[in-house]
1. Could you grab me the full set of residues in segment A:221-270 that are touching a strand residue (DSSP E or B) at 6+ places or on another chain (Cβ under 7 Å) and free of Cβ contacts under 8 Å to residues at least 12 places away in the same chain?
2. Against the definition (in contact with a strand residue (DSSP E or B) (Cβ under 7 Å, 6 or more places away or on another chain), at pLDDT 90 or above and at positive phi), how does residue B:215 come out, yes or no?
3. Only residues in segment B:109-133 that are on the phi > 0 side of the Ramachandran plot count as the first member; pair them with residues that are part of a loop (DSSP other than H, G, I, E, B) and at pLDDT 90 or above, Cβ under 9 angstrom, at least 6 apart or cross-chain, and list the lot.
4. Please tell me if residue A:74 is touching a strand residue (DSSP E or B) at 6+ places or on another chain (Cβ under 6 Å) and in a helix (DSSP H, G or I).
5. Looking at B:101, B:87, B:92, which is the one that is crowded, with 24+ Cβ neighbours inside 10 Å and either assigned to a strand (DSSP E or B) or assigned by TED's automatic domain parsing to the domain that holds residue B:321 (or both)?
6. Look at segment B:199-217 and say how many of its residues are outside any loop (DSSP other than H, G, I, E, B) and more than 8 Å from chain A (Cβ to nearest Cβ).
7. Would a scan of segment A:172-186 turn up a residue that is under 24 Å from residue A:282 (Cβ atoms), surrounded by fewer than 24 Cβ atoms within 10 Å (Cβ to Cβ), away from chain B (no Cβ under 13 Å) and touching a strand residue (DSSP E or B) at 6+ places or on another chain (Cβ under 7 Å)?
8. Can you tell me how many residues in segment A:164-187 are part of a helix (DSSP H, G or I) and without any contact (Cβ under 8 Å) to a residue 60 or more places away in the chain?
């Protein structure tokens, strides 16, 4: 069954989104339903020579803009690309949905249309590069005010996601705090620590901000407020560091020559830390696969998100989440 | 009047600390009292040829170790270097205290010995490099569970510190959150937003993680749990990025040659992002100047911390903080 793609959302318009779906079809043979204005999408598919690829179009007449309030968008735009995309999962016509549009609206629509696993606060997981293997950070923005039980649920979902998506046998779980000792942290984290300690998860204790990128732990758990700040700080800092380095290099002729020689190493490095390689961030805990992509996603990021959506659906992620959450809470 | 230096704390022992004090005396003419084991310190001063420099020694027989519980250390080690150092401020024999030792104990001792400005939750401010001017991040670890009023107090203290230390006329203040709109954030942040909006501070609204390093805002306010995670994440990520880049460069002979040419640019860059240039993080809101240094501080970091401590004392930071807090709360 195909993946549904919100083909109108995101900062760069439908061109890069359709291109991403075409690449996913060509490179991985994934079927995709493009959801959006039929005329526009047909034109793009023809223009890009996508004949014969397993790509379909479902018309949706409205688009949620990037800065629209999610609840408002949900109520007023019943025929938005986001709503129609999730409707396709609900109606059994698609297995998963990928959107680079308004992430609040994507989340709200997933919750509303698919529903949540009983008793669970859905959370966004993201995969980040480290010095060793990639790490899963959860939650990066779905929940701004969390109770300890929610952090515990995020740990279970991170465990399942790491197992299925990153093929870790027994993923190690760290709790993001301000010191390794169990006495360190705010009230919420200290209580979550005790719950995790008593669980059957492979809990390794608190980890600090500096540990995320060392790659010593497979899953890092935090509330969505902290996680979202960490995610955006990491993106901003990585960009700033490379910019500052570039400024220094460009200020010297000799250094510029050196940079030219080292350019391929820089390129490989950029590929390693490029979020586009990791294919979007799934919203875990809803009854279906929902992948939230960066608004700035280009074709490669969309291609990888579609691949991941398809894989997670085939691996039946949602059923694994449901049974693990049931067994452990 | 001199600055007191906890001359035994930190990861590298008294040698680098004494060296830092010597450099501060030579480069900036700052007087320092070295607090610690008299014999050891005398030996070090002689060995390093510090004759004639304005350096004094006050004996303290105990040292708080890096992993000791602060409350325990305070109760049991009355003659620790940290306690004796703050005692010198209390007794009017020093203007400020610098410590690279156990930061929890440093904070506790500052609170206990100096006392706090009435009604205020002291907070740690740190200066971080950005693409433009350095930014002040406050709080980076003194308070893990904050109310909105505390964030408001941090903003006032950040404002005063930025004015005095970084010579900003009307520092712009941002509130760290997960979106720029005033509706974004957790309960605590949304309430603090309203307080800041109604204040006479130059409040520019919410800022996101990615904005910290852009340098568009002079002060970023957050609770100590979030700030500590951000601080350590930034350190860890910066180190990891440079390591990953190094790995890529070293894997290719041509890139290695290029790196050699660009080496000075890398060095200038490292100097720019080196926390050691910024001279420690003051604990604002106590009745006196307390500078907390990284445990990994080497001589240069200590030198700069002593310089900053001396400057802040001369500018009467504490009186400015007290009057601004009184006027605005």
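1. A:229
2. Numbers: in contact with a strand residue (DSSP E or B) (Cβ under 7 Å, 6 or more places away or on another chain): yes; at pLDDT 90 or above: yes; at positive phi: yes.
Yes; evaluated as a whole, the condition is true for this residue.
3. From segment B:109-133, the pairs are B:115/B:287; B:115/B:288.
4. Numbers: touching a strand residue (DSSP E or B) at 6+ places or on another chain (Cβ under 6 Å): no; in a helix (DSSP H, G or I): yes.
So residue A:74 does not fit the description; no.
5. Working: B:87 fails: crowded, with 24+ Cβ neighbours inside 10 Å; B:92 fails: crowded, with 24+ Cβ neighbours inside 10 Å.
After applying the criteria, what remains is B:101.
6. Let us first name the residues in segment B:199-217 that are outside any loop (DSSP other than H, G, I, E, B), namely B:202-207, B:209-214.
Subset that is more than 8 Å from chain A (Cβ to nearest Cβ): B:202-207.
Residues flagged as outside any loop (DSSP other than H, G, I, E, B) and more than 8 Å from chain A (Cβ to nearest Cβ) within segment B:199-217 amount to 6.
7. Step one: list which residues in segment A:172-186 are under 24 Å from residue A:282 (Cβ atoms), which gives A:172-176.
Filter again for surrounded by fewer than 24 Cβ atoms within 10 Å (Cβ to Cβ), leaving A:172.
Those left that are additionally away from chain B (no Cβ under 13 Å): A:172.
Those left that are additionally touching a strand residue (DSSP E or B) at 6+ places or on another chain (Cβ under 7 Å): A:172.
Looking for residues that are under 24 Å from residue A:282 (Cβ atoms), surrounded by fewer than 24 Cβ atoms within 10 Å (Cβ to Cβ), away from chain B (no Cβ under 13 Å) and touching a strand residue (DSSP E or B) at 6+ places or on another chain (Cβ under 7 Å), one finds at least one in segment A:172-186, hence yes.
8. Initial filter on segment A:164-187 (part of a helix (DSSP H, G or I)): A:164-165, A:187.
Narrowing the set further to residues that are without any contact (Cβ under 8 Å) to a residue 60 or more places away in the chain leaves A:187.
Of the residues in segment A:164-187, 1 are part of a helix (DSSP H, G or I) and without any contact (Cβ under 8 Å) to a residue 60 or more places away in the chain.
The values are calculated or read from the model by the stated rules, or taken from the named source; none is laboratory data. Every value quoted in this text rests on a predicted model; they were computed, and no experiment measured them. Every residue, glycine as well, gets a Cβ built from its backbone with ideal geometry; the counts of neighbours run over all protein chains shown.
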